[in-house]
Amino acid sequence: MFELTLQALYSGLLTGTYYALVALGLALVFGTMKIINLAHGELVLLAAYVAYTAESQWSLNPLAAIPFAMVVVSVVAIAVYLLIDRIKKDRELNSLILTFGIGIILTNFVLLVWSADIRSTTTPWFQQAVVFGDLLFSSRSEILFFLISVALVGATWWWLSQTWYGRATRAVSSDRKAAMLMGVNPRQTEILSFVVASILATVAGIAIFTGQVIEPSLGHALTVKAFIITVLAGMGSIPGVLLGAILIGVVEALTVTYFSSSLQELTGMVLFLVVLLLRPQGLFGFGVRRG
Amino acid sequence: MRANGILPAVAVIALYLLVPAALGHVDYVMSLIVAALTIGGIAVAWAMLGNLGGMVSFGHAAFFGVGAYVSALLTLDAGWPVFPAMLAGGAGAAIASVVTMPALRLRGPYFALSILAFAHIFRILATELESITRGAGGILSIPVLPTVAGFDLSSKIGSYYVILTIVLMAMAGYAWLRRSTVGLALLAMHDTEDATKVVGVPSTRLKAMMLALSAFITGVVGAFNAHQINFLDPDYAFSGLWTVLPIVAAIFGGYRTISGPLVGALVIYLVDQLVFKSFLPHGHEIILGALLVAMIVLSPTGLVPLVRQTVTLVRQTVTRGHHAAA
Amino acid sequence: MLQLEDISVAFGGLAALSNVNLRVDNGEFVGLVGPNGAGKTTVFNVISGLVKPTAGNARFIAMDLLKQPIHARARAGIARTFQIPQPLHELTVRQNLIVAQKFGTGHSDPKRIDEILDFLGLTERAERNAANDLALTEHKALEVGKALATDPKLLLLDEALAGLETTGKRQFTQMIKQLHEETGLAIVIIEHDIETISELCQRAVVLDFGKVIADETPERIFRDPEVMRSYTGERSA
């Protein structure tokens with residue numbers, strides 16, 4: 001039993017890090033625009049399918065497909081931004097319905113182009129096992145993307161706290177008017193946050209494609225999961241997002257180990273509701289979102 | 001102004017008499033219309049919550065599913081007659097909504113998504129609580145709608161009348177509520193919540209009431225569906241489609257009007273099934289998504305207000321034309 | 001009837017009110033004065049429930065005020081106006097009053113609504129959209145109207161006269177005076193104009209930096225050079 005628990009903790013840690021990439025993108029856009037992009041998970045999915053096409057049609061290594069997928073996802077994300085930008089009235093709720101609609105479009109686009117079949121990488125290198133001390137099992141893909149994800153979360157944190165653009169983004173999210181007075185162009189930072197979110201989403205998409213399996217309905221599930229994580233984290237806390245993502249990863253893995261895989265989703269949801277209702281500022285944050 | 005009173009009356013008569021007379025013998029079209037009305041019923045409930053309560057829900061499937069399950073199980077396991085069981089289904093959904101009420105404290109997007117979380121939780125519970133719900137295998141041979149005064153309500157036309165009546169009663173209740181003082185207070189809360197509170201409006205209580213009412217209607221519609229198709233399983237009863245289609249319908253028709261959601265449901269569902277589906281058997285929902293996006297960007301108030309504006313504009317032009325001629 | 005004891009309010013560590021004591025008796029007309037940012041509106045927000053104090057007690061008649069939700073305070077007889085008029089959106093002027101009356105008093109009385117409309121000179125505007133189709137004076141009048149429709153025992157007027165030109169201000173002042181004399185309602189008014197305060201109020205409370213620095217008759221207050229210095233915003237370093 002101890003080995004199983006240890007393995008669950010380990011797997012949860014590995015999955016949690018790419019969850020963090022997805023959630024961080026959602027949180028960034030929420031930070032600058034105060035809207036939740038319900039099509040965010042579909043962007044991740046899109047990147048994964050671009051990698052699938054690159055691999056199956058052009059025999060490209062999924063890693064080599066990253067730049068290409070980034071361009072595709074960023075272009076779509078900017079289109080999403082431009083549509084949101086056209087909403088003038090009741091922005092908060094209309095943007096929710098708008099991005100919900102975009103999510104439906106993307107999911108069905110994926111379904112039409114790539115069919116409902118489950119796909120995964122055919123490059124064997126990614127699937128090979130990495131075993132630590134005869135105890136902890138994982139694949140090369142999981143280890144690789146664990147490292148990349150941690151590095152990217154760190155890079156995002158550095159970008160937000162150390163660079164001018166990053167600080168401008170934070171300024172816009174805390175006080176839009178004041179930021180404008182300081183010479184920050186909020187539109188620019190909004191687009192930038194969408195692009196950074198797209199980059200993170202792309203890497204997460206490739207991680208899923210090489211480490212797990214992809215199917216059209218995955219996008220929506222990822223959006224929901226990312227939202228749950230940002231709620232756990234408390235908006236605006238990057239270490240919180242990482243911790244929240246790992247927490248979800250671990251709790252899911254433990255649920256599968258001790259109960260059943262059909263309950264995996266339930267634990268995340270229950271955790272979400274408990275935190276939302278009892279500690280709306282998040283486990284690790286200070287934000288307030290009561291009406 | 002007078003047309004506002006006559007038009008609904010004409011529409012109601014047409015729905016009760018003309019539609020069955022014209023299409024009653026075409027089984028396929030009739031069943032599509034029944035399905036469209038089912039969506040329409042949820043759309044009315046969803047729009048009511050959005051328009052009067054100022055709340056967007058992404059989880060109405062939760063209330064649909066609970067209503068369906070409660071009614072199906074009461075008829076099968078407790079021997080209830082179908083119609084009382086359907087009302088109990090609505091009540092069950094309203095009670096389920098009480099569980100979700102702590103979410104009322106949350107702002108827009110958080111509320112919307114916590115209701116979604118509840119829908120997922122309810123679906124998983126329906127799958128796991130096998131001893132009560134019979135699990136993932138679902139429930140077969142749910143009792144059909146009864147025969148009343150020699151009229152078989154389980155026939156295509158019979159079930160059409162049942163769901164039509166449910167939807168129209170919901171709309172009538174909605175219209176009455178919107179004109180009432182409570183409805184006025186709810187409308188005002190949308191933009192000026194503090195100002196309504198300081199004159200004594202218990203806003204959270206009113207929102208909770210709206211949520212329960214919306215859940216009740218959705219639950220009754222879910223119960224109707226269970227007795228109409230006589231089969232139920234968790235993935236079907238709590239399917240995301242019961243959330244997506246009503247939202248598209250309500251936004252398309254105009255969620256701040258009484259008739260918009262129903263008009264939207266009839267147009268969207270019938271066009272989707274008869275046109276889009278024929279050239280896109282899989283993934284035709286892409287067009288629904290595109291419609292949703294287009295409506296929000298181009299005409300966020302929806303189709304019904306758009307048509308009304310156009311009609312007024314045409315009328316004015318015509319009258320002006322008359323004046324010019326005279 | 002109203003008693004605030006040692007009320008303190010802090011926003012994110014900044015003290016907006018510190019140990020404020022305020023007493024309003026039946027039928028009294030009290031002026032609440034002080035420079036901008038002194039915390040006058042915050043006092044109203046505490047009384048009406050929009051702001052929760054960090055410390056202190058408040059009683060209204062026999063009620064522990066701070067335990068009551070906003071709507072219950074309105075129901076108990078506390079009514080207020082907003083400095084920036086907040087008509088109930090999407091409703092007509094009359095519907096504004098209907099909602100306020102129904103929820104503030106628990107019953108409907110169309111005759112009373114007509115009286116209020118008449119008293120405030122809004123009868124001809126009754127069927128107009130309250131948010132979009134009114135002039136500033138009418139918005140101010142509607143603020144008072146909503147408050148009166150709840151049949152209050154205590155009326156809090158937040159700069160009800162600000163922004164009005166001289167004649168309008170004159171009329172409005174007379175109207176409020178008449179209201180007070182006829183109904184014996186207790187009123188607290190936030191107002192900058194010394195003359196108006198002197199004309200209307202039996203007592204004036206001066207707030208500065210979130211503290212009560214004087215609580216006297218208007219004549220005495222406006223003769224006190226110390227108070228006047230703070231009141232006009234001149235501060236010694």
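The values are calculated or read from the model by the stated rules, or taken from the named source; none is laboratory data. Computed from a predicted model, the values in this text were never measured in an experiment. Positions of Cβ are backbone-derived with ideal geometry, glycine not excepted, and every protein chain shown enters the neighbour counts. Accessible surface is based on the protein model in full, side chains and every heavy atom, while ligands, DNA and RNA are left aside. Shrake-Rupley method; radii C 1.70, N 1.55, O 1.52, S 1.80 Å.
Can you report the number of residues in the stretch A:75-99 which are at the interface with chain B (Cβ under 7 Å from one of its Cβ atoms) and assigned to a helix (DSSP H, G or I)?
Total meeting the criteria: 7.
Listed here are the residues, each with its yes/no results for (1) touching a Phe, Trp or Tyr at 6+ places or on another chain (Cβ under 6 Å); (2) at pLDDT below 85; (3) more than 30 Å from A:Q128 (Cβ to Cβ).
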site: A:I143; (1), (2), (3): no, no, no
site: A:L147; (1), (2), (3): no, no, no
site: A:D175; (1), (2), (3): no, yes, yes
site: A:P186; (1), (2), (3): no, yes, yes
site: A:I208; (1), (2), (3): no, no, no
site: A:S217; (1), (2), (3): no, no, no
site: A:T223; (1), (2), (3): no, no, yes
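Considering only residues that are more than 7 Å from chain B (Cβ to nearest Cβ) and part of a loop (DSSP other than H, G, I, E, B), look in the stretch C:83-105 and name the one that is farthest from the chain's Cα centre (by Cα).
C:P87
Checking the structure you have, find out if any residue of the stretch B:158-176 is open to solvent by less than 70 Å² (accessible area, probe 1.4 Å), at pLDDT below 90 and either within 30 Å of B:G5 (Cβ to Cβ) or not basic (K, R) (or both). Steps first, answer last, please.
The first filter runs over the stretch B:158-176 and keeps only residues open to solvent by less than 70 Å² (accessible area, probe 1.4 Å), leaving B:158-168, B:170-175.
Among the residues that remain, those that are also at pLDDT below 90 are: none.
No.
Confirm whether C:F119 is in contact with a strand residue (DSSP E or B) (Cβ under 9 Å, 6 or more places away or on another chain), under 26 Å from C:E191 (Cα atoms) and surrounded by 14 or more Cβ atoms within 10 Å (Cβ to Cβ).
So C:F119 fails the test.
Check every one of the helices (runs of 4 or more DSSP H) wholly within the stretch B:225-326 and list those with 3 or more residues that are within 24 Å of B:L32 (Cα to Cα) and away from chain A (no Cβ under 14 Å).
Here the list reads B:260-271.
I need the full set of residues from the stretch C:1-47 which are part of a strand (DSSP E or B), under 23 Å from C:V227 (Cα atoms) and free of Cβ contacts under 8 Å to residues at least 24 places away in the same chain, in order please.
Within the stretch C:1-47, C:R23 is the sole residue that qualifies.
Taking helices (runs of 4 or more DSSP H) that fall entirely within the stretch A:119-213, which contain at least 1 residues that are surrounded by 13 or more Cβ atoms within 10 Å (Cβ to Cβ) and of a type in the set (F, W, Y)?
On the way: elements: A:124-127, A:140-162, A:164-174, A:176-181, A:186-211.
Per the criteria, A:124-127, A:140-162, A:164-174, A:186-211.
Which of (1) in contact (Cβ under 8 Å) with a residue 12 or more places away in the chain; (2) within 27 Å of B:A112 (Cα to Cα); (3) open to solvent by 50 Å² or more (accessible area, probe 1.4 Å) does B:L266 not meet, given it meets every other one?
Looking at each condition in turn, B:L266 falls short on (3).
I'm trying to understand the selection: among the residues of the stretch C:106-123, which are facing chain B (nearest Cβ under 10 Å) and in contact (Cβ under 8 Å) with a residue 12 or more places away in the chain? Give the derivation first.
So in the stretch C:106-123, the residues facing chain B (nearest Cβ under 10 Å) come out as C:106, C:108.
Once the filter is applied, which keeps residues that are facing chain B (nearest Cβ under 10 Å) and in contact (Cβ under 8 Å) with a residue 12 or more places away in the chain, the stretch C:106-123 yields only C:G106.
Name, by its number, the condition in (1) over 30 Å from A:T121 (Cα atoms); (2) touching a helix residue (DSSP H, G or I) at 6+ places or on another chain (Cβ under 9 Å) that does not hold for A:L181.
Looking at each condition in turn, A:L181 falls short on (2).
Search the stretch A:11-45 for residues being in a loop (DSSP other than H, G, I, E, B) and at negative phi, and hand back the single one that is nearest to the other protein chains (Cβ to nearest Cβ).
Looking at residues that are in a loop (DSSP other than H, G, I, E, B) and at negative phi, I get A:I36.
Identify the single condition in (1) open to solvent by less than 60 Å² (accessible area, probe 1.4 Å); (2) over 17 Å from C:V30 (Cα atoms); (3) without any contact (Cβ under 8 Å) to a residue 24 or more places away in the chain that C:P225 does not satisfy, given that it satisfies every other one.
Status for C:P225: all satisfied but (1).
Identify all residues within the stretch C:99-116 that are surrounded by 21 or more Cβ atoms within 10 Å (Cβ to Cβ) and farther than 21 Å from C:Q178 by Cβ; write none if there are none.
The answer is C:V99, C:K102, C:F103, C:G104.
Quick check on the stretch C:59-82: of everything there that is surrounded by 18 or more Cβ atoms within 10 Å (Cβ to Cβ) and not aliphatic (A, V, I, L, M), which residue is farthest from the other protein chains (Cβ to nearest Cβ)?
Looking at residues that are surrounded by 18 or more Cβ atoms within 10 Å (Cβ to Cβ) and not aliphatic (A, V, I, L, M), I get C:F60.
Suppose we filter the stretch B:140-170 for residues that are in contact (Cβ under 8 Å) with a residue 40 or more places away in the chain, outside any loop (DSSP other than H, G, I, E, B) and closer than 30 Å to B:M210 by Cβ; how many remain?
Number of matching residues: 10.
Which fully enclosed helices (runs of 4 or more DSSP H) of the stretch B:36-139 have 3 or more residues being at the interface with chain A (Cβ under 8 Å from one of its Cβ atoms), under 25 Å from A:V274 (Cα atoms) and not basic (K, R)?
In the stretch B:36-139, B:108-128 are the helices (runs of 4 or more DSSP H) which contain 3 or more residues that are at the interface with chain A (Cβ under 8 Å from one of its Cβ atoms), under 25 Å from A:V274 (Cα atoms) and not basic (K, R).
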